[in-house]
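What follows is a single structure, written as structure tokens, with notes after it.
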Amino acid sequence: MSVTTTATRRPVPVIPARGALRPLGLDEVELTGGFWAERQRRNAEVSIPHCDHWESRVGWIDNFRHALAGTVEQRTGREFADSDVYKLLEAMAWESGRTSDPRLDARIEEIALLVEAVQDDDGYVSTKYGRPGQEPRYSDLAWGHELYCFGHLIQAAVARLRTGHDDTLVRVARRAADHVCVEFGPSGRDDVCGHPEVEVALVELARTTGEERYLEQARLFLERRGRGSLPDIEFGRAYYQDDVPVREAEVLRGHAVRALYLTAAAVDVAVDTGDDELLQTVRDQFARTLARRTYLTGGMGSHHQDEAYGDDFELPSDRAYSETCAGIGSVMVAWRLLLATGDTRWADVVERTMYNVVATSPSRAGDAFFYTNPLHKREPGEEADPDAASPRALSRLRAPWFEVSCCPTNVARTLASFAAYVATVSDDGVQIHQHVPSRIATTLGDGREVELEVETSYPDGGDVVVRVVAAPAGEVSISLRVPEWSVGRASLDGEPVDGPVATTRRRFAAGDEVRLRLDVQPRLTVADDRVDAVRGCAAVERGPLVLCVESTDLPAGVGVDRVRLAADAVPRDLDDGVHVSGELVEREEGPWPYRSRPATTPGATLDVRLVPYHDWANRGPSTMRVWIPQDRP
Ligand SMILES: [Zn+2]
């Protein structure tokens, strides 16, 4: 750990006190085109206004007006509805930081003034608890989500501070954070919130304001968890990670989003307090979770009923929960581990999860979202009513809004700030982690300035060209991540690259280019045979994209349950996408689905067209599967 960050109010979501790599801000990296710039544009033009519209429409912003007016009986939404307003504010804050759109600043101020008006003198703020006619404050720490809501309020304020605004929202959040430090400090309540989140927010507030007590409060919450202060419930205390202290756990378990937000906070606390033992522990927990409890898409969470991780290798495709927010939580953890350790395999996790979970959630138009991201749909889903909120896990196709609508605003804040996840710097080099058309203008750890342009058609194509626009004096390293699937099949300026990073170190002049070539040809993937749910199946991936077969691309009336891959199938690129040879099986229907010999016989050969998983269900109702049965020789 060599680089120490000094400026803490740069427009960057995560600024550790120390670490192997220094993150870059929205003022240092600009997405200039391609897959993510397009999604960022759509997020700004459609998704953020869409979320604002729905939060107004379903009354979650009005909840603050009801709290003021004393009409709390008219409050709508779940106990954590305030948090979705705050996540919208965070998305707007990053977007404002990126584009300086004054309409966003005006809207942020308008909502923040409303929140401020509701805030009590001691900093507590909630539309759900503490007023006449409501349950008292902190009367239900297990399910009340009060500290969870404060966490999102604080994260929104951090985004605001770091994008140059010390305004109402910041004032409100700091008062809330001060309240938390008094109420739950060393001489306060010895309790934790049922949903981790305030911890990761408090660390970032400490980093932004320089006030150590916020970090100390986060550390306290972290150390308190796992000692059974929350009630035992039907899912067990593992549901909210109150079963085992963070330091003693071996793997992520329970509610996936809770586990991931807590793990992100544990990395932050470990890094900022210099607790290398804790860092090693949570790194091992996350590594084991990736090795045994993660879907091919990077998605996490196998149980619908408690939105939780399953046992090791319990990864059913059709019942995959894989909540969009869990994908974002995994990106949060992986990114923090990358900054702390410099190990680029964590950037592989960011890439896989961004392309195959986070990008899957929004529709092409940006006005509907997936909450869960299963890898197999057996029945064509119904189109969601564009005029109604859906129960969270029941919608088959993307829905405009949910009764629990954590995911849309989580996607919005992540896309608005995504430029910050593209590259980092060290003392004397730039590391490019995500291959995105972009402009990077930054200062190295040793103070020298450098400006680069990245051009690529990735993930369609595998060539990444880095052009030096302004070169510093002396030698500089430019490093490009080689994704795990291209290791051994990559080259840098024509020379083969063996490892996970392609680095060139020399003196550069303006106009010099570095060319990375990755092998994005489609490939077959099989699972560890302990993932019983997909044994005997193969999936097709191309570059960072997981592909799927969708009934939309099959003969009329044929579902994906009749598709089998040929034993010698080799996926190949054609003009309209990736194709693979397969067959349509014939099947005997019977009174009982078990017998002494297979009920299927080979049928007609079939050319199977595959589409990126992130784009499925954009062409109407369909059946879909990522893992396709295959009789291998
Ligand atoms: Zn969610």
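One table, with the values for the structure above:
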{"read-out": "Matching entry among Leu290, Leu375, Leu296, Leu339 (being modelled with pLDDT of 95 or more, touching a Ser or Thr at 6+ places or on another chain (Cβ under 8 Å) and open to solvent by 10 Å² or more (accessible area, probe 1.4 Å))", "value": "Leu296"}
{"read-out": "Some residue of the stretch 263-280 being within 16 Å of the ligand (Cβ to nearest atom), surrounded by 24 or more Cβ atoms within 10 Å (Cβ to Cβ), among the acidic types (Asp, Glu) and touching a residue at least 40 places away in the same chain (Cβ under 8 Å)", "value": "no"}
{"read-out": "Residue within the stretch 183-195 that is within 28 Å of the chain's Cα centre (by Cα) and in a helix (DSSP H, G or I) present", "value": "no"}
{"read-out": "Every residue from the stretch 99-136 that is among the charged types (D, E, K, R) and surrounded by fewer than 19 Cβ atoms within 10 Å (Cβ to Cβ)", "value": "Asp101, Arg103, Asp105, Arg107, Glu109, Glu110, Glu116, Asp120, Asp121, Asp122, Glu135"}
{"read-out": "Residue check, Asp311 surrounded by fewer than 24 Cβ atoms within 10 Å (Cβ to Cβ), farther than 24 Å from His614 by Cα and within 16 Å of the ligand (Cβ to nearest atom)", "value": "no"}
{"read-out": "Where Ala17 falls short, out of the listed (1) of a type in the set (Gly, Ala, Ser); (2) in contact with an Asp or Glu (Cβ under 7 Å, 6 or more places away or on another chain); (3) open to solvent by less than 20 Å² (accessible area, probe 1.4 Å)", "value": "(3)"}
{"read-out": "Matching residues in the stretch 582-603 - criterion: being closer than 20 Å to Thr623 by Cα and of a type in the set (A, V, I, L, M)", "value": "Leu584, Val585"}
{"read-out": "Strands (runs of 3 or more DSSP E) contained in the stretch 485-572 and holding at least 2 residues under 28 Å from His303 (Cα atoms) and either more than 27 Å from the chain's Cα centre (by Cα) or aliphatic (A, V, I, L, M) (or both)", "value": "537-542, 545-550, 563-565"}
{"read-out": "Members of the stretch 289-311 that are touching a residue at least 12 places away in the same chain (Cβ under 8 Å) and under 17 Å from Thr263 (Cβ atoms)", "value": "Thr289, Leu290, Arg292, Arg293, Thr294, Gly298, Gly299, Met300, Gly301, Glu307, Ala308, Tyr309"}
{"read-out": "Filter result for the condition that a residue is open to solvent by less than 20 Å² (accessible area, probe 1.4 Å), of a type outside the set (Ser, Thr, Tyr) and touching a Gly at 6+ places or on another chain (Cβ under 8 Å), over Val540, Val520, Val531", "value": "Val520"}
{"read-out": "Residue match in the stretch 575-592 (condition: among the polar types (S, T, N, Q), more than 30 Å from His433 (Cβ to Cβ), in contact with an Asp or Glu (Cβ under 8 Å, 6 or more places away or on another chain) and not in a strand (DSSP E or B))", "value": "no"}
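Residue-by-condition table, conditions (1) surrounded by fewer than 20 Cβ atoms within 10 Å (Cβ to Cβ); (2) among the β-branched types (Val, Ile, Thr); (3) touching a helix residue (DSSP H, G or I) at 6+ places or on another chain (Cβ under 9 Å):
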position	(1), (2), (3)
Ala368	no, no, yes
Asp385	yes, no, no
His433	no, no, yes
Asp446	yes, no, no
Glu453	yes, no, no
Thr456	no, yes, yes
Arg467	yes, no, no
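The values are calculated or read from the model by the stated rules, or taken from the named source; none is laboratory data. Because the structure is a prediction, the values reported are computed rather than measured. Using ideal geometry, Cβ is built from the backbone for each residue, glycine included, and neighbour counts are taken over all protein chains shown. Heavy atoms of the whole protein, side chains included, go into the accessibility calculation; ligands, DNA and RNA do not. Shrake-Rupley method; radii C 1.70, N 1.55, O 1.52, S 1.80 Å.
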